[in-house]
Amino acid sequence: MERIKIAVFVSGGGTNLQAIIDAVNNGALDVDINLVLSDRMDAYALERAQNAGISTVYINSKDFKEREDFIDRFLRLMEEYDVNFIVLAGYMKKVPPELVRKFWGRMVNIHPALIPAFCGKGYYGMKVHQAVIDYGVKITGVTVHLVDEQYDHGAIVAQMAVEVRDTDTPETLAERVLEYEHKIYPLALQLFAEGRVEIKGRKTYIKDK
Ligand code: GAR
């Protein structure tokens with residue numbers, strides 16, 4: 001089996017990226033992090049990557065006149081850095097469909113709720129937690145899923161439930177959910193590293209060790 005060489009796509013603080021870096025460094029996650037890519041130059045996640053000695057790149061469609069050039073550059077970056085698996089970790093841009101198709105089955109996202117609840121277009125970051133609290137559900141969670149061409153839609157790989165407390169604000173809930181994200185993402189990626197994720201239609205099945 002080919003070793004997994006990932007690019008992590010980020011837009012913000014990068015605490016999930018940090019959890020992945022830490023898991024690699026302490027031997028819990030068997031992948032190479034070849035690149036951290038951001039659509040925002042000021043993403044703190046880029047600093048985390050640099051501190052860990054990982055290559056970083058900024059790319060944003062708004063800097064390209066022609067969409068084709070943007071897509072070309074994006075695809076070339078993946079080749080240049082020898083990336084064979086993409087990890088979205090708080091990446092707030094839609095991934096171009098050309099890339100999604102190329103990396104189908106080899107691109108995952110983490111969503112801060114239990115898909116299919118509180119997901120889809122417009123549900124990202126703090127907006128998810130606000131919606132969870134407004135609705136009054138007692139349980140939310142985290143979902144790791146494959147990326148397809150629709151928002152938060154690809155086959156689910158792993159989920160964990162997280163309690164919603166009556167006293168929660170979006171901020172306190174986000175903090176609790178993030179703790180679970182940091183646990184589940186390295187675990188889910190390790191399943192791919194061990195070749196244990198089987199994709200059949202709309203579902204994934206986890207093979208025994
Ligand atoms: C995380 O909660 C992640 O699940 C969410 O953004 C946050 C990024 O935090 N992603 C989405 O909402 C994607 N739809 P981080 O930058 O500290 O990892």
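The values are calculated or read from the model by the stated rules, or taken from the named source; none is laboratory data. Everything quoted here is computed from the prediction, not taken from an experiment. Glycine also receives a Cβ, built like all others from the backbone with ideal geometry; neighbour counts cover every protein chain displayed. Heads up: the accessible areas ignore ligands, DNA and RNA and are worked out on the full protein's heavy atoms, side chains in. Shrake-Rupley method; radii C 1.70, N 1.55, O 1.52, S 1.80 Å.
Observations on the model:
- Carbon and sulfur %, accessible surface of region 1-103 computed with the full protein complex present, 1.4 Å: 44 percent
- Inter-label distance, nm, simple model (7 Å from Cα along the C-beta direction), residue 73/residue 160: 3.7 nm
- Close amide-amide hydrogen proximity is noted between residue 125 and no other residue 5 or more places distant or on a separate chain, at a cut-off under 5 Å (H modeled in the peptide plane; Pro and chain starts excluded).
- Only protein heavy atoms count here; on that basis, with a 1.4 Å probe, residue 169 has an accessible area of about 60 Å².
- Neighbourhood charge, 12 Å Cβ-Cβ cut-off, centred on residue 75 and excluding it, Lys, Arg +1 and Asp, Glu -1: -2
- Stokes-Einstein, applied to the Kirkwood radius of region 48-148 over Cα pairs at a viscosity of 0.692 mPa s and 37 °C, places its translational diffusion at 211 µm² s⁻¹.
- Surface calculation, 1.4 Å probe, protein heavy atoms: residue 134 sits at approximately 110 Å² accessible.
- Built from the Cα atoms of the chain, the convex hull projects on average onto 11.7 nm², one quarter of its surface area.
- Once the 1.4 Å probe is applied to the protein heavy atoms, the chain comes out at 51 Å² accessible per residue.
- For region 109-209, the residue among 199, 111, 137 whose Cα projects farthest onto the positive side of the dipole built from Cβ charges is 199.
- In this structure residue 85 has an accessible area near 10 Å², from a 1.4 Å probe over the protein heavy atoms.
- More than 18 Å apart - percent of Cα-Cα pairs taken over region 1-103: 44 percent
- Carbon and sulfur %, accessible surface of region 109-209 computed with the full protein complex present, 1.4 Å: 53 percent
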